[in-house]
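Q: Sharing a structure with you now.
All of the numbers you see were taken from the coordinates with simple rules; none came from a lab. All figures in this text were calculated on a predicted structure; none of them were measured in a lab. Neighbour counts run over all protein chains shown; Cβ positions are idealised from the backbone, glycine included.
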Amino acid sequence: MTRRWRLLAAVLLVVSGMQAGGVRASESEVPPTVAEPVDFAREVLPILAANCFACHGPDEAERAADLRLDTRDGATEHVIVPGDADRSELIARITSADDELRMPPPETERQLSSEEVDVLRRWIGEGAAWARHWAFVPPVLPEVPACVDESWPQSAIDHFVLARLEREGLQPSAPASRTAWLRRVSFDLTGLPPTPEEVRAFTADASRDAFEKQVDRLLASPRYGERMAADWLDIARFADTNGYQNDFNRSMWPWRDWVIQAFNANMPADQFLVEQLAGDLLPEPTQDQLIATGFNRNHRMVTEGGSIDEEWRVENVVDRVETTATAFLGLTMGCARCHDHKYDPVSRRDFYQFYAFFNNVDEQGVYNERRGNVPPMIEVPTADERQRLAEADTALAEAKQRLADAQVDLAATFAGEPPASEAPAARLRALRDRLLVAKIEGEMPANAAASAVAPEEPAWVASPVGEGVDLVGREASHVDLGQLITPQADDPLSWTLWARLDADGALVSKMDDGAGYRGFDTIVLGDKRLKVHLVAAWPSDAIAVTTKVAVPREQWFHLAVSYDGSRTAAGVKIWLDGVALETNLEQDSLKGEINTAEPLRLGRRSSGLFLDGSLAAVAFFDAALTDDTVRQLRMADLRRQVPDLTVAIDAIPEATRAYLQREAAGGLRLEVERLQKERDQLAGSVQTAMVMRDRSDVRPTYMLHRGQYDQPEESEPLSPQVPETLGTLGEGDSKNRLDLARWLIEPEHPLTARVVANRLWKQFFGRGIVATLDNFGVQGDSPSHPELLDWLAVRLVQSGWDMKALQREIVLSATYRQSAATSESVRERDPENRLLARGPRRRLSAEMIRDNALAVSGLLVERLGGPSVKPYQPAGLWDDLAGGANGGPYVLAEGDDLYRRSLYTFRKRTVSHPTLATFDAPSWEICQAKRGTTNTPLQSLALLNDTTYAEAAAHLAVRMQGDEEGDGDLAEQIGRGFLLTTSRLPEVAEQTSLTRGYGHYLDYYREHPDDVTALLSHGGSPIPADQHTPELAALTAVAAVLLNLDETVSR
Amino acid sequence: MTPFPCNRRTFLNRSGLSLGSVAMASLAARSSMAAATSSGALPGLPHFAPKAKRVIYLFQSGAPSQFESFDYKPRLEELQATELPDSVRMGQRLTGMTAGQASFPIARSKFAFTQHGSGGTWISELFPHIAKQADDLCVIRSMHTEAINHDPAITFFQTGSQLAGRPSMGAWIAYGLGSLNDNLPSFLVMVSRGTGRAAGQPLYDRLWGSGPLPSRYQGVKLRASSEPILYLANPAGCPPQIRRQMLDDLRGLNQQSLERLHDPEIATRIEQYELAFRMQSAVPDLMELADEPEHVLEMYGPEVQKPGTYARNCLLARRLAERDVRFIQLYHMGWDQHDNLPDHMSKQAKDVDQPTAALIADLKQRGLLDDTLIIWGGEFGRTVYCQGTLTNETYGRDHHPRSFSIFMAGGGIQGGMTYGATDDYGYNIVEGPVHVNDLHATVLHCLGIDHERLTVPFQGLDLRLSGVEKRRVVEEILA
């Protein structure tokens, strides 16, 4: 189609003069006259590329007959005789009638048209001049062409367009109405329709710069950044989930918000590029510059269990190569992964050298079943999180200071306690009689049983209550107390001790592990919690109690355990440093006896659990303890080390002093621990962003045979480099992404500025000057206005990459201001509007369709940024495919989040949101430079029946009704709705049609009050019941018609 | 709901057709509901006379084991619990789930095999109903793939590439051949959940996506809810007569725009609203089973009564075939038997055995099997060695891409045959390897398409369903 059109253009080239109304000289045969020499790059190269390069191109592996036609040397070596087409084998072969000889071969189903043959013939005749593909030659500022009609152009842009039209014998269309232009430019720059007030103000504005004022207003709107971001998010394959298999959520909205802010701040396009490609490599990068690098982390991520790490790491890198090449170079590099490019001069080596830029990220290929963001990533607390973190830090610092300042006040500590000499006697007299003592105080107590000896002589250590034994976690290292006590299950039994632990093990036991664990014990578990057993037969006939909190390590503490003889787990109590601990009752079924012939032991059980730690002042009681007695016992132990309360704290033995000091700070210490924990939790839940970060040791890069991860060609390590045909980064040190980024923004770069300018152009005209936005290579579409593209590109660079300035110039051009209305003949002549003889008209994007409905119905909530939201989606969509098991079910948003712009709608890659996907939004799995525009019955169903639009219709109807007296006139109501949805007032015929429809609806709803209520109650903002009138229902039906108008979903 | 006074159902009821004349009713249904000729085909397509007009793809997601279904390996009885020889495995890569296993003991099938049909096709006792259709089946025991994990493997089968972004098989075919039906999309997708594994492998929209093809070719999901197609039902408070009036108003207004702007997209949009309106009756008519005689429902088994089951989807597949929907894609999840295989796979087999067999028989008795191509199979095979602990009672199997079995039936395919073979271990293919892209080439061939000539430009190359390598149509299995 493209080629045919170009040839038609050539045919019409010779016609001079102008004729009103578009097509000039009709399609009558005009004899072709040789006008200008054949342009190799624009006319010849595309023919060769499309028909010859697959076998005779840059791909060495596929090259047939050792003939290459992608270089002049190759072509003129055998098959082309410059200046003599008839003697050139090329012409003979492409025109041969013999299937055996003709090229391309019949099986390719390609055959050159007679026009194409003619181009080649003339080109050879003219000397077969060779040139590089146009896109690989740096743009230079072209001269602005003169036009016959100098009154029409408003800017240089218009000169380029009009000059072409005049060559084609076409005339530009009349200017669009002011309202049509305002609607067009409002959607193009902000993605939203103009309000009726904006329309009225603009149509009434007689000032000379009325248009400029509108453009400046729109460019300054925060909505501008959102609209610009929508296109960039497609290229950057931004989404809220990982995309493979379980499709876990990720959280990259900080990157998305960075994009919006960058556009709103009119960040220069070169900076926009550098920060996203290499922000992390800039000197002392800011947090924003790091966030920007998320561009190359937005790719999909494998979490499927069992996947092979290197296989998917390679895919990550390949995705970065393809995305970067498409986004900034407008080239498809992907095919060179497996073989030299068939059409463009990108070799496999080029591909893997480019790959080397992205091959050193400090990442894994598979994050096995891991949810959320994965490294490398940074914390990017939100303003709220930042404030809460700062508050937590302050509170923690203050608590730590209070702890550091705490002093031991002996008088206060022992207030109410008897003097040391009297302590046990005075308050524990009743208990003392039943005291079974095994105090370890420097030597074995005299009243301990004769067998109470340690098989291995223990070491002695200082404790807060005198000396204790130090056990080292071996079998022989324990204290055997023989049959010191022989408790029964119905007897109360308690023990207290001082301990300092290095690891877990048994503190106290009298238990026979080999006989169903009969006996009792107190052990420290691996997780540092304490467990107390009283067992007749484990586990059916036993009590087991575990503390909910851990006991400390590497510091002395006092422990008390009490059993009241009740045979219930509730009868077991545990105190740590005098404070009763909460416990879990794990077994509570003790019926039998607990006596055993095993000795009472400290530091082990009969067959293991050897304790690594120290014990002191162990005492057993044949009575249950209370909070009071535990406190008194503990204080009495300490008091014996502090005979005189007036002594200076420094004079007290060190271990005791340390304990007392911690004790004095006890509440404060707990407070510090609590605050620290809170702070850590807060920090752990802080928003993160995945970023680029390279490893310090460089991961080697090799070519991969056929692109396979497990077939590296290790004989030849590669360094990062740009494709040879486009330039080189110079010799010397290994280059990195920052070098790549800086190379891309060099003013002389042939592609970058053209690619950016082309994309900006497409934003306004629906197609690029190069229609293949993702392919500026030989196979890509030829530019419709090559000089204009170069002019835009050079202007962009010269302006300091000022995107808003270029956009301003485009939307103020006469070209952009043309009416879209045209005759059928002009449309037939140029259905795609390549020549721009009319204004651009097209359907709104998926996001705009919904945003428009929200805006005109007054439901839109214009809050910028933040986590993605979940507006209406039919129930069960996620569950159908994934059982809802992985991302959880789709939880509908509430309140404002139902009405945010569609840019913020949650993007689950494996289950597209139907409100957007139905209207051609991509699934964001891979980089996509351009969306299709389809026209399907599913779109009709969505616009008619989706809750989004049913709710919007009712709210639009309320707005149409107006809120003042005198607004009740139906014609005015319909006019108001029409203006809201189409930005213009209805014609008489339209008004009549809608009025008649209203009458039908009203007749029905007057008879059906239930349907009135139903129609006005859709969505999260139902219309209040007192407004449920047949009139509003009828108007809602009219509003629904308006929301479905072709004109409403177009601009 | 239905605006027309007489739809097909009432017609059938009134005409008092006997239950025996389903074939005739089916023909009547086809002629009344479907356009006789294809619309929207690419120029030059089909490339040659097709054997099949439509496809029903019964995708068994999660990968059913070939050892308990169609690849009979008697020697495994004696090899039970012996170590898989390295000479067989030949360094084949394993998934991260079993790569660390110290031992790879061979697990035989717990289920017995017998031969069926005139071709003596070996089929396990888990599939007694399918076995009865053996004369219509072509079992391929020599499938192989390149992927080893579910996501890339399913994507490979459905789109010809392991990576996302390529058009799915149904999209290619809808794009190439156009629609045979004016009231329904040409590519419909149905999903069911198996009983063999509680948390089955998820599916993804991309499996029926259109990639770079226009999105109107992407599969439309037919759901088991009150709204089988998204947004099909009018919103509450908007009855059919109001909707019709709205559409008339809308058409009038859009017509005025068309006359003013001459934009052909407006004309298309007017048509799409009318098609949408027709779908609003065609889809409920499709889903309503009151016209299905009892004995037909019984063929599909008791689960057919439950919306959303595989059995119900099979019945709907037949109804869609009658309506000339071009590509009918079913997915049945839950075939990922890493452990407890005998128990879980029995349940999965029970889910699909009777309904699959019924679908084949039902199409056949209506004369539809001849031009409907049926494909049954998963995304890869399973290992001959046991994953986890092997006992006499139970075992599990990991993913195995090197060899596995599927079957095809109907339009253009020889029945009663078995194609390809694996070694005694069922590990390596020894005869007639069929690559996934070969299968694509073969499916397209049955539809009259040369797989090398259905292409679109994409990322600098001519993209095709059968991939970039040279692939072949498996001529040996063609009728």
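Q: Would you work out the charge dipole size for region A:759-909 about its Cα centre, treating the Cβ of every Lys and Arg as +1 and the Cβ of every Asp and Glu as -1, and quote it to the nearest 20 debye?
A: Using Cβ point charges on Lys, Arg, Asp and Glu, region A:759-909 gives about 220 debye.
Q: Give me the Debye-computed log₁₀ of I(q)/I(0) at q = 0.08, 0.12 Å⁻¹ for chain B, equal point scatterers on Cα only, no solvent, two decimals.
A: Debye curve over Cα of chain B, log10 I(q)/I(0) at q = 0.08, 0.12 Å⁻¹: -0.49, -1.05.
Q: How high is the relative contact order of region A:40-89, given as a whole-number percent (alpha carbon pairs under 8 Å, six or more residues apart)?
A: It comes to 21 percent, rounded to a whole number.
Q: Next question. Within region A:590-619, which trypsin sites (Lys or Arg not before Pro) sit in a loop by DSSP and count at most 13 neighbouring Cβ atoms inside 10 Å?
A: Listed in order of number, the matching sites are A:Lys591.
Q: Just report the Cα centroid separation between region A:223-250 and region A:1005-1043, whole Å.
A: 36 Å
Q: Continuing with the same structure: Can you give me the Cα centroid spacing of region A:191-207 and region A:47-106 in angstrom?
A: The distance from the Cα centre of region A:191-207 to that of region A:47-106 comes to 59 Å.
Q: Take the eigenvalues of the Cα gyration tensor for region A:38-131, scale each by 5, and report the square roots as semi-axes in whole Å, largest first.
A: The equivalent ellipsoid of region A:38-131 has semi-axes of 18, 16, 13 Å.
Q: Using DSSP to define loop residues, name the GluC sites (Glu not before Pro) in region B:399-470 whose beta-carbon has at most 11 other beta-carbon atoms within 10 Å.
A: B:Glu469
Q: Here's another thing I want to ask about it. Please go through region A:113-146 and write out the GluC sites (Glu not before Pro) that DSSP classes as loop and that have at most 15 other C-beta atoms within 10 Å.
A: Within region A:113-146, the qualifying GluC sites (Glu not before Pro) (loop, at most 15 other Cβ atoms within 10 Å) are A:Glu126, A:Glu143.
Q: Excluding A:Val137 itself, calculate the net charge of residues whose Cβ lies under 11 Å from the Cβ of A:Val137, where each Lys or Arg counts +1 and each Asp or Glu counts -1.
A: 0
Q: Can I ask one more? Modelled label-to-label distance, B:Asp462 and B:Gln255, 7 Å Cα→beta-carbon offset: nm?
A: My value for the distance between the label points is 4.5 nm.
Q: Roughly what percent of Cα-Cα pairs across region B:283-427 reach past 24 Å?
A: Looking at region B:283-427, the distances longer than 24 Å represent 42 percent of pairs.
Q: May I pose another question? If you line up the long axis of helix B:150-159 against the longest principal axis of chain B, both from Cα atoms, how many degrees apart are they, to the nearest 10?
A: The angle comes out near 50 degrees.
Q: Related question: Which value, in debye to the nearest 20, describes the size of the charge dipole of region A:38-131 about its Cα centre when Lys and Arg Cβ atoms bear +1, Asp and Glu Cβ atoms bear -1, and nothing else is charged?
A: The dipole magnitude comes to about 220 debye.
Q: Could you point to the residue in A:Ala636, A:Ser902, A:Ala560 farthest towards the positive end of chain A's charge dipole, with +1 and -1 charges on the Cβ of Lys/Arg and Asp/Glu respectively?
A: A:Ser902
Q: Treat every Asp and Glu Cβ in region A:214-365 as -1 and every Lys and Arg Cβ as +1, leave all other atoms uncharged, and give the resulting dipole magnitude about the Cα centre to the nearest 20 debye.
A: Approximately 360 debye in magnitude.
Q: Also: So which of A:Lys213/A:Lys870; A:Lys510/A:Lys573; B:Lys221/B:Lys306; B:Lys51/B:Lys470; A:Lys804/A:Lys908; A:Lys342/B:Lys53 end up more than 26 Å apart, counting from Cα to Cα?
A: Pairs exceeding 26 Å: A:Lys213/A:Lys870; A:Lys804/A:Lys908; A:Lys342/B:Lys53.
Q: In a solvent-free Debye calculation with one equal scatterer on each Cα, what is log10 I(q)/I(0) for region B:233-292 at q = 0.16, 0.18, 0.21, 0.26 Å⁻¹, listed in the order of the q values?
A: Values returned for q = 0.16, 0.18, 0.21, 0.26 Å⁻¹ are -0.62, -0.72, -0.86, -1.06.
Q: Which whole number gives the average, over all residues in B:148-159, of C-beta atoms from other chains lying within 10 Å of the residue C-beta?
A: 4
Q: Could you tell me how many degrees, from 0 to 90 and to the nearest 10, lie between the Cα long axis of helix B:310-322 and the main elongation axis, the longest principal axis, of the Cα atoms of chain B?
A: So the helix axis and the longest Cα principal axis differ by about 50 degrees.
Q: Going toward the positive end of the dipole of region A:229-324, with +1 on Lys and Arg Cβ and -1 on Asp and Glu Cβ, which of A:Trp255, A:Ile308, A:Ile235 do you reach last?
A: A:Trp255
Q: Follow-up question, since we're still on this one. Pairwise over distinct Cα atoms, reciprocal of the mean inverse distance: report the Kirkwood radius of region A:126-266 in Å, one decimal place.
A: 19.5 Å
Q: Spin-label point model (7 Å from Cα, Cβ direction): what's the A:Arg474 to A:Gln287 distance in nm?
A: For A:Arg474 paired with A:Gln287, the spin-label model returns 5.5 nm.
Q: Can you tell which of A:Ala85, A:Ile926, A:Leu985 lies farthest toward the positive end of the dipole of chain A, using +1 and -1 charges on the Cβ of basic and acidic side chains (Lys, Arg; Asp, Glu)?
A: Value computed over the given set: A:Leu985.
Q: Evaluate Rg over Rh across region A:945-1044, taking Cα atoms for both radii and Kirkwood's formula for Rh.
A: Using only Cα positions, Rg/Rh for region A:945-1044 is 0.94.
Q: Summarise the partner chain shielding of A:908-921 as one whole number: the mean count of Cβ atoms from other chains within 10 Å of each residue's Cβ.
A: Partner Cβ neighbours, averaged per residue: 3.
Q: Please give the helix B:264-287 orientation as an angle from the longest Cα principal axis of chain B, in degrees from 0 to 90, rounded to the nearest 10.
A: Roughly 60 degrees between the two axes.
Q: Okay, helix-only estimate at 222 nm for chain A: each DSSP H run of n ≥ 4 adds -39500 (n - 2.57), divide by all residues, round to 500 deg cm²/dmol; what do you get?
A: It lands at -11000 deg cm²/dmol.
Q: Could you pull the Rg and Dmax for chain A, using just the Cα atoms, both in Å?
A: 41.5, 131
Q: Residues of B:264-274, mean number of Cβ from any other protein chain within 10 Å of their own Cβ, rounded to a whole number?
A: Per residue, the average neighbour count from other chains is 5.
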